[in-house]
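S.K.: Starting off with a structure, shown below.
The values are calculated or read from the model by the stated rules, or taken from the named source; none is laboratory data. Bear in mind the structure is a predicted one, so any value in this text is a computation, not a measurement. FYI the Cβ positions are ideal-geometry reconstructions off the backbone, even for glycines, and counts take in every protein chain you see. In case anyone asks, the SASA skips ligands and DNA or RNA and just uses the protein heavy atoms, side chains included. Shrake-Rupley method; radii C 1.70, N 1.55, O 1.52, S 1.80 Å.
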Amino acid sequence: MTISDKAEALDIEPGVIGKGRWIERWIPENELFWEARGKQIAFRNLAFSIVAEHIGFSVWLLWSIVVVKMYGTFDSSGALVAAGANGWALTAGQGFTLLAVASGVGAFLRIPYTFAVPVFGGRNWTVISAMLLLVPTLGLAWAVSHPELPFTTLVLVAATAGFGGGNFASSMANISFFYPERRKGWALGLNAAGGNIGVAVAQKLVPLAIGLGGLGLANAGLVYVPLAVAAAVLAFLFMDNLREAKADPKPTAASLKHGHTYLMAFLYIGTFGSFIGYSAAFPTLLKVVFERPDIALSWGFLGAFIGSLSRPYGGRLADRIGGSVVTVLSFVAMAVAGYTAVLGVQHHSLLVFFVSFMALFAFTGIGNGSTYRMIPSIFTRIHADQGEDSDESRLDFKRRAAGAVGIISAVGAFGGFAIPFVYKWANETYGTIVPALQIYVAVFLAMAALTVVFYLRPGARMRNV
């Protein structure tokens with residue numbers, strides 16, 4: 001570090017500038033600044049970002065458990081034998097539709113949520129987005145208490161759960177500005193894992209909450225109302241806005257000029273899209289395929305829990321050995337686990353099926369961390385290839401990477417929309433989910449091959465990112 005670098009680091013006092021807790025300058029790549037002041041502020045923002053994102057993910061996946069209680073029992077002719085909770089009698093196809101809609105809206109909202117951070121500020125938008133969670137939570141509590149509602153109304157209410165899915169993109173884009181390049185993998189992995197694990201917590205907490213207070217299914221939404229308010233208050237009190245993440249859509253738009261943005265979005269469908277799609281559908285699969293709603297409600301959370309915990313380790317491995325290596329290994333392992341899940345269905349072995357899905361969840365988490373780590377590395381490589389090393393150009397590419405993170409997370413999340421519909425198609429067309437699982441295996445192998453071609457083969461421009 002030069003004398004001027006040290007002087008700059010010591011002279012800069014990040015703090016509140018005027019109203020709204022805006023930090024005027026932020027130089028995390030300066031080691032002296034980072035150790036003296038930066039990492040404490042960055043970690044504080046990371047911690048409360050995780051809290052808000054965790055609640056958001058939980059709300060996004062509330063319907064994954066609620067629908068299990070709403071399924072009716074039908075005989076071979078399709079006649080209703082017994083209604084589910086609160087008098088509901090959903091079919092498997094209707095359940096998959098609700099799950100897909102909630103996931104799809106959450107994926108779509110990730111795009112405007114990404115732009116919201118530079119417009120409003122990371123701290124300010126975290127407050128707003130947390131308060132928006134009152135819409136799906138109160139809406140769910142109302143809708144499930146009225147079984148006379150038409151199914152289209154139920155779909156519209158489930159769609160509002162997408163507010164929770166949008167939180168991820170804004171949170172990740174915001175945190176990416178706080179951390180230096182060398183620490184992004186672990187920081188983004190922790191941020192994402194803290195959010196992802198909200199799926200598991202919701203799937204474990206909601207069945208318990210439903211049995212309390214005599215309100216039944218309504219409790220699934222009501223229990224998250226005070227938690228959403230608490231997340232907003234904590235963000236208001238303890239988070240900061242960075243002036244560096246200014247309201248400028250040009251870098252995000254510029255990220256779309258790079259082919260790697262589209263390729264990484266496709267690969268992210270295979271990692272995160274699989275995680276969120278399987279998380280939403282897994283409890284229903286246990287109910288529909290093996291007729292075990294008891295296991296769906298008591299153990300359905302375990303897959304999302306494992307996938308969430310493994311994500312930061314995917315980021316850490318990527319920091320050490322390269323994101324592309326970890327991503328390829330993850331896709332291959334996911335294909336193997338998908339194949340054994342097929343065997344579990346064909347032989348009607350709940351144990352084989354369950355263990356296979358636990359492995360699938362673990363490697364989706366690892367792949368989530370590694371693919372996310374690849375994004376800033378790719379844009380750093382593109383910047384280096386252009387041969388311009390000014391402060392302005394570095395900041396421009398940092399903003400492009402942050403914008404790409406939001407876009408890629410949005411496209412990847414559409415996997416959560418597609419997966420339930422593929423299960424629905426397979427179950428209604430063939431009477432089994434085996435064709436859906438076989439499609440997923442083929443897609444994972446294709447994604448592994450693409451990663452090798454563009455990011456691992458000798459001579460690849462982005463080799464070992």
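Rundown of residues vs (1) in a loop (DSSP other than H, G, I, E, B); (2) crowded, with 24+ Cβ neighbours inside 10 Å; (3) among the aromatic types (Phe, Trp, Tyr), yes/no style:
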position	(1), (2), (3)
Ala36	no, no, no
Asn45	no, yes, no
Phe48	no, no, yes
Ser58	no, yes, no
Lys69	no, no, no
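S.K.: Check Tyr313 against each of (1) at pLDDT below 90; (2) touching a strand residue (DSSP E or B) at 6+ places or on another chain (Cβ under 9 Å); (3) among the hydroxyl-bearing types (Ser, Thr, Tyr) and name the one condition it does not meet.
M.R.: (2)
S.K.: Would you point out which residue out of Phe444, Phe417, Phe357 is within 30 Å of Ala245 (Cβ to Cβ), at pLDDT 85 or above and of a type in the set (A, V, I, L, M, F, W, C)?
M.R.: Sole residue among the options that is within 30 Å of Ala245 (Cβ to Cβ), at pLDDT 85 or above and of a type in the set (A, V, I, L, M, F, W, C): Phe417.
S.K.: Let me ask something else about it. Has the range 221-236 got at least one residue that is more than 25 Å from Ala341 (Cβ to Cβ), surrounded by 20 or more Cβ atoms within 10 Å (Cβ to Cβ) and of a type in the set (Ser, Thr, Tyr)?
M.R.: Checked against the condition, which is being more than 25 Å from Ala341 (Cβ to Cβ), surrounded by 20 or more Cβ atoms within 10 Å (Cβ to Cβ) and of a type in the set (Ser, Thr, Tyr), the range 221-236 yields at least one hit.
S.K.: When both residues are 6+ apart or on different chains and their Cβ atoms are under 9 Å apart, which pairs have a first residue that lies in the range 200-227 and is in contact (Cβ under 8 Å) with a residue 60 or more places away in the chain and farther than 14 Å from Phe57 by Cα, and a second that is open to solvent by 10 Å² or more (accessible area, probe 1.4 Å) and among the aromatic types (Phe, Trp, Tyr)?
M.R.: Partner pairs satisfying both residue conditions: Pro207/Phe301; Leu217/Trp88; Ala218/Trp142.
S.K.: Read through the list (1) under 23 Å from Asp319 (Cβ atoms); (2) assigned to a helix (DSSP H, G or I); (3) open to solvent by 10 Å² or more (accessible area, probe 1.4 Å), then give the number of the only condition that Thr429 fails.
M.R.: Failed condition: (1).
S.K.: Just need a number here: residues in the range 387-426 that are out of contact with any Gly (no Cβ under 6 Å at 6 or more places or on another chain), part of a helix (DSSP H, G or I) and closer than 17 Å to Leu256 by Cβ.
M.R.: So the answer is 16.
S.K.: Also, quick follow-up: I'd like the full set of residues that are within 21 Å of Trp26 (Cα to Cα) and among the basic types (Lys, Arg), limited to the range 376-417.
M.R.: Arg394, Lys398, Arg399, Arg400
S.K.: Pairs under 6 Å by beta carbon, first residue surrounded by 16 or more Cβ atoms within 10 Å (Cβ to Cβ) in the range 146-159, partner among the aromatic types (Phe, Trp, Tyr) and assigned to a loop (DSSP other than H, G, I, E, B), six or more apart or different chains?
M.R.: Taking only residues 6 or more apart or on different chains, the pairs are Pro147/Trp88.
S.K.: Can you name the residue in the range 377-414 that is out of contact with any His (no Cβ under 9 Å at 6 or more places or on another chain), of a type in the set (D, E, K, R) and at pLDDT below 80 and is also least open to solvent (accessible area, probe 1.4 Å) among such residues?
M.R.: Here the residue is Arg399.
S.K.: May I ask you to say which residue of Ser390, Ser377 is within 24 Å of the chain's Cα centre (by Cα) and hydroxyl-bearing (Ser, Thr, Tyr)?
M.R.: Ser377
S.K.: Give the range 295-324 a look and list any residue that's over 17 Å from Val201 (Cα atoms) and open to solvent by 40 Å² or more (accessible area, probe 1.4 Å), or say none.
M.R.: Correct list: Tyr313, Arg316, Leu317, Asp319, Arg320, Ile321.
S.K.: Continuing with this model, one more query. Anything in the range 113-161 that is among the β-branched types (Val, Ile, Thr) and farther than 30 Å from Arg243 by Cβ? List them, or say none.
M.R.: Val135, Thr137, Val144, Thr152, Thr153, Val155, Val157, Thr160
S.K.: Only one of (1) out of contact with any helix residue (DSSP H, G or I) (no Cβ under 7 Å at 6 or more places or on another chain); (2) among the small types (Gly, Ala, Ser); (3) closer than 23 Å to Ala159 by Cα fails for Gly431. Which number is that?
M.R.: For Gly431, the failing item is (3).
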